[in-house]
Every structure is written in structure tokens, then in C-alpha cells.
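Down below is the structure, laid out as C-alpha cells.
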2 protein chains.
Amino acid sequence: MVILAEPQLGENIGTAARAMANFGLDEMRLVRPRDGWPSESADKAAAGALFVTQGAVVYDSMEEAVGDLTYVYATTARPRDMLKPVVSPQSAARQILERTSAGEGRSGLMFGRERWGLNNDEIALSDAICMAPVNPDFASINIAQAVLLMGYEWFKQGNKGSLGRKTEFDGMEGEGMGMAAKDTRPATKKELIGFFEHLEKELDHAGFLWPPEKRPNMVRNLRHMFHRLQATEQDVRSLRGIVASLSRGPVSKKHKD
Amino acid sequence: MVILAEPQLGENIGTAARAMANFGLDEMRLVRPRDGWPSESADKAAAGALFVTQGAVVYDSMEEAVGDLTYVYATTARPRDMLKPVVSPQSAARQILERTSAGEGRSGLMFGRERWGLNNDEIALSDAICMAPVNPDFASINIAQAVLLMGYEWFKQGNKGSLGRKTEFDGMEGEGMGMAAKDTRPATKKELIGFFEHLEKELDHAGFLWPPEKRPNMVRNLRHMFHRLQATEQDVRSLRGIVASLSRGPVSKKHKD
């Protein structure tokens, strides 16, 4: 799943679609494309990859665009000061394949707008940063090229995958992957965002997210922190239970029966 | 060394130059560019990589363009019936690096013209065919993208060689590891347990950890979940702030000053 944040030029969307087609990717999501959608210039630049452009789905916000996904990579050209794992395109491709094979929901790759990439709120919705190794003195890569590199690594992994190289993945589950529970599944972004909004509402009520000028940054930091949980759907329910319980305060025992 | 055979559009030459710059390649050779050289549209598309376009050298024939090289790869999208080794971009990059380190002369990568790639005479000048793995149903890659993939693999190899940062780019950074924290450190167990006890006390107070016979298991599950955060010392302070704030309930704003 490729998600483009506010792409400006139809031509870039089309070239990205072509790059996706080159590597067997066909699901594209667009968050508020500047010049509207569908786009003639995108179709033209797609050079035949119309099954990608014509199947693209447009969203009003990044929250909605990632709502049904369980793991999202934010692609950036430069490291950011954020407490998120940073992975190479190769690792991201491998991880996505692992997750898909394990039935752990769907993954997505976010790509930023032409001039200034992804904003901090978008990155806060991601689980990991994906950075391609590039010449630090000339690090600017356009969207279609970033999509191309990701698609290429994905296709390389996929080829391996289909050849049954399972051993490659054995023992690679690092800390934090531990989905030990069988009766649960990774939380979707929508569920996670539901928890965030619940928590933030209660924290507003309690006067924690204060003063107002610091609120956006505090919210982002909290979201970053909880993202690192790699929460399951069960975790999200527990967290919401905790927030509800703490906010409500003491309850007489008999109501719990 | 990147050699473009009879490129037609200046724009493609420029985009290829930009891709080269992204991966630290700066020597470009052009065999009979259709619209002459230098090219304004190439410089424009190079997006700042003028040190590549302005340093490009024009040749009258592919023979001359590869004259001083010792090993040349012909990049093609489709296999050809030729008795030449066929290698992936990754292998080509590795081989070039090995040859360079061993002082075995200079290598080059030939890229074909827009419509129909390299001709047989040009391919005959090569030592090996380099083919990127692509979707066979949508195999057409433009020149700049082909250059990008080669540059990317070259840079990945180069990084391994020169910086020895194999693990960083090779996918071994486990989930939750590669953190870029600057002003914090991992929480000690003592700090983490302090948070757990604080949380559990408040949850007991709120009647959440109830009934008593289920309490031990609930506590264990919560501790497991929060362990997965790989919390920093700063995270622990944030979490304790949240718990304190939610438990305390609404506070008039002036107390926060």
C-alpha cells in the first residue's frame, strides 16, 4: 500500500504509479492531491499503468488513509529527532513481507509532498521511519524515485519469498515484535487513533495538555510513545479501560458486579 | 561511470544526473545526445546536480565512450539471446567495487535510448548484462529510473565498504532498536517498576484491578504491555504524569502556572 501525502503534480503521481507497476504494486492512496483527481497528467505520466492511477483512492486526511493499516512506514530523506525505529528500504520490505506472511494485517508506506515531505503529525501516525541510504550532500529524491526504490526492494524480497526462503526470517523477530497472543491481532490505525483521541480528551479535561501553545507537541510526543507499543487490538482495549477507569475515579465495588 | 546511448530528451539526461548525484556518482558520458549538448532542459531537470551535467563528456560512438574502461555492463530490461553473464544490479555493484578495490581498472554502466534500449552492437561491447528484477508484465523503466536503481545499489555497496555500516543498512536493526534519542536514555528497571506501582495503585483505587483473584494476571499483562514500549526515562516521566493527571481529575488552570 503506497500512500502519497498531498502530492502536487499529477505527473509525479503518474510516475509513481508507473514505478509501482514496475514492481507489481497496485494499491495507491492519495491524501488531498492538490490538483484534484482523476488527473490527466497523472494518467499520461503513468505510461500505461492506468490500473494503478484509475484504482487510486482519495482521502481527506492521512488519519483516514491509514485507518485500516496495522503498520506504517514514513519515508523521509533525512533523519528526524524522533523515537522511532529507522529502517532501510530493504529491511522495511522484509518486515512487510514477514508481517503479511504472518497474517498480521496490512502495512503501508507514506510518501511526502514534493517540497517538504511529510509533516510531523503524519510521521506521528507511523510506526517506523524508512530512509534510503543516499549521498548526504545531495539527498533530495523525488516522490516517484522514492516509490521506485521501495518497490524495487519489495519486489526483490517478494521474489525471495516466493522461493520459500523461510529460514531467512527465522529468529529475526526482535524485541517488540512479540505478538505472543493468539487470540488478538495488531490494532488498526483507526483503533489506535480512537485511543489517542480518548486519552487526549481526558487529558484535556484534566488540564494536562496545557498550556495550549505546547499542546500540539505534547500530543505528538504521546502518540509517538504509544506507537512504539506495537499495540494489539486487545492492548488498545486495555489502554482505553485504564484511561476510562482513571478518569472516572473510584467506583464502589458493587457496580463492578 | 554512467554512459547513456543516444539519449533523446534533455529532461531524461538531467533526471539521470540527479539520480547519479543522489548516490555519489559524478561521471557521465553521452553518446550522440539527440538534441545536442549542453542542454538547458537537462540542467533544469538535474535539480541542482549541475556538477554532473556540466561535467558530462560527449562521444561520437559507444566504442570511444567505453574505450578506457576495463569492464562494462549493458543494462537491459529483457533478457537477450547472448552468451554473456547476466547479473542483478546488486551483483554488478558488488563486482564493480571489488574490481575497483583490486585496482583492476574502471568499470562502466551503459544505458540505452528511450524507445528501444541498447542495440546489439553496443551490447556486444559489454562484458555482462545487468538486469533489474521487475514485474515481467510491466517491465519498462525509464533511463533515469534505471540509473537510480544502479546508483542505489552502488551506494549501498559503497557504504558497506567504506563505512563498514553493514548492519545499519542491511536490515539487522531490530524493531524498536534504532532509536535516535538525543536527550534521554533507556529507563532503568527501577524507574519502570516505579511507574508500574504508581499505575497499579491508582487502578486499585479506581476499582479497575478487580476482582482480586484476577488481579495478578491483569497486573502481569499490563506490565508486559508497557515493557514493549522500550521506555526511556523521559517516557516513564510522561506516563507517570498521565496517570497522576487522570487520577487527579480536572484542575483549575491557575494551579498549573
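Out of all the residues in segment A:46-64, which are open to solvent by less than 20 Å² (accessible area, probe 1.4 Å), hydrophobic (A, V, I, L, M, F, W, C) and in contact with a helix residue (DSSP H, G or I) (Cβ under 7 Å, 6 or more places away or on another chain)?
A:A46, A:A49, A:V52, A:M62 - these are the residues of segment A:46-64 that are open to solvent by less than 20 Å² (accessible area, probe 1.4 Å), hydrophobic (A, V, I, L, M, F, W, C) and in contact with a helix residue (DSSP H, G or I) (Cβ under 7 Å, 6 or more places away or on another chain).
Limited to segment B:115-142, what total is found for residues that are within 14 Å of chain A (Cβ to nearest Cβ) and either open to solvent by 30 Å² or more (accessible area, probe 1.4 Å) or free of Cβ contacts under 8 Å to residues at least 60 places away in the same chain (or both)?
So the answer is 13.
Of (1) at pLDDT 85 or above; (2) within 10 Å of chain B (Cβ to nearest Cβ); (3) surrounded by fewer than 16 Cβ atoms within 10 Å (Cβ to Cβ), A:E173 satisfies all except one. Which?
Going through (1) at pLDDT 85 or above; (2) within 10 Å of chain B (Cβ to nearest Cβ); (3) surrounded by fewer than 16 Cβ atoms within 10 Å (Cβ to Cβ) one by one, A:E173 breaks only (1).
Take segment A:82-95 and flag every residue that is within 22 Å of A:R223 (Cβ to Cβ) and either at pLDDT 85 or above or more than 10 Å from chain B (Cβ to nearest Cβ) (or both).
A:P85, A:V86, A:V87, A:A92, A:Q95
Being in a strand (DSSP E or B), more than 25 Å from A:A146 (Cβ to Cβ) and more than 29 Å from the chain's Cα centre (by Cα) is the requirement here; does B:V58 meet it?
In short, yes.
Within segment B:206-220, can one find any residue that is of a type outside the set (K, R), open to solvent by less than 30 Å² (accessible area, probe 1.4 Å) and under 37 Å from the mean Cα position of the chain (by Cα)?
Among the residues of segment B:206-220, not one is of a type outside the set (K, R), open to solvent by less than 30 Å² (accessible area, probe 1.4 Å) and under 37 Å from the mean Cα position of the chain (by Cα), which makes the answer no.
Show the residue pairs that are 6+ apart or on different chains and have beta-carbon atoms under 7 Å apart, the first residue being within segment A:198-214 and of a type in the set (D, E, K, R), the second being surrounded by 15 or more Cβ atoms within 10 Å (Cβ to Cβ).
As it stands, the answer is A:E200/A:L209; A:E200/A:V219; A:E202/A:V243; A:E202/A:S247; A:E202/B:L246, since those pairs meet every condition given.
Would segment A:44-54 turn up any residue that is among the basic types (K, R) and closer than 23 Å to A:Y73 by Cβ?
no
Does B:S91 qualify as being open to solvent by 40 Å² or more (accessible area, probe 1.4 Å), within 29 Å of the chain's Cα centre (by Cα) and more than 15 Å from B:A146 (Cβ to Cβ)?
No.
Yes or no, residue by residue, for (1) touching a helix residue (DSSP H, G or I) at 6+ places or on another chain (Cβ under 8 Å); (2) open to solvent by 10 Å² or more (accessible area, probe 1.4 Å):
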| position | (1), (2) |
| --- | --- |
| A:Q8 | no, yes |
| A:D68 | yes, yes |
| A:Y71 | yes, no |
| A:T76 | yes, yes |
| A:G103 | no, yes |
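Which one is modelled with the highest pLDDT, of the residues in segment B:221-233 that are open to solvent by 30 Å² or more (accessible area, probe 1.4 Å) and within 21 Å of A:H224 (Cβ to Cβ)?
This residue is B:E233.
Would you check if B:R185 is open to solvent by 80 Å² or more (accessible area, probe 1.4 Å), modelled with pLDDT under 85, in contact with a strand residue (DSSP E or B) (Cβ under 9 Å, 6 or more places away or on another chain) and more than 10 Å from chain A (Cβ to nearest Cβ)?
Criteria met by B:R185.
Looking for something surrounded by fewer than 23 Cβ atoms within 10 Å (Cβ to Cβ), of a type outside the set (G, A, S) and farther than 26 Å from A:L222 by Cβ - is there at least one such residue anywhere in segment A:12-21?
No, that holds for no residue.
The values are calculated or read from the model by the stated rules, or taken from the named source; none is laboratory data. Bear in mind that the values here come from a model prediction, so they are computed numbers and not experimental data. When we count neighbours, we look across all protein chains shown, and the Cβ atoms used for this are built from the backbone with ideal geometry, even at glycine. Keep in mind that these areas ignore ligands, DNA and RNA; they rest on the heavy atoms of the full protein, side chains included. Shrake-Rupley method; radii C 1.70, N 1.55, O 1.52, S 1.80 Å.
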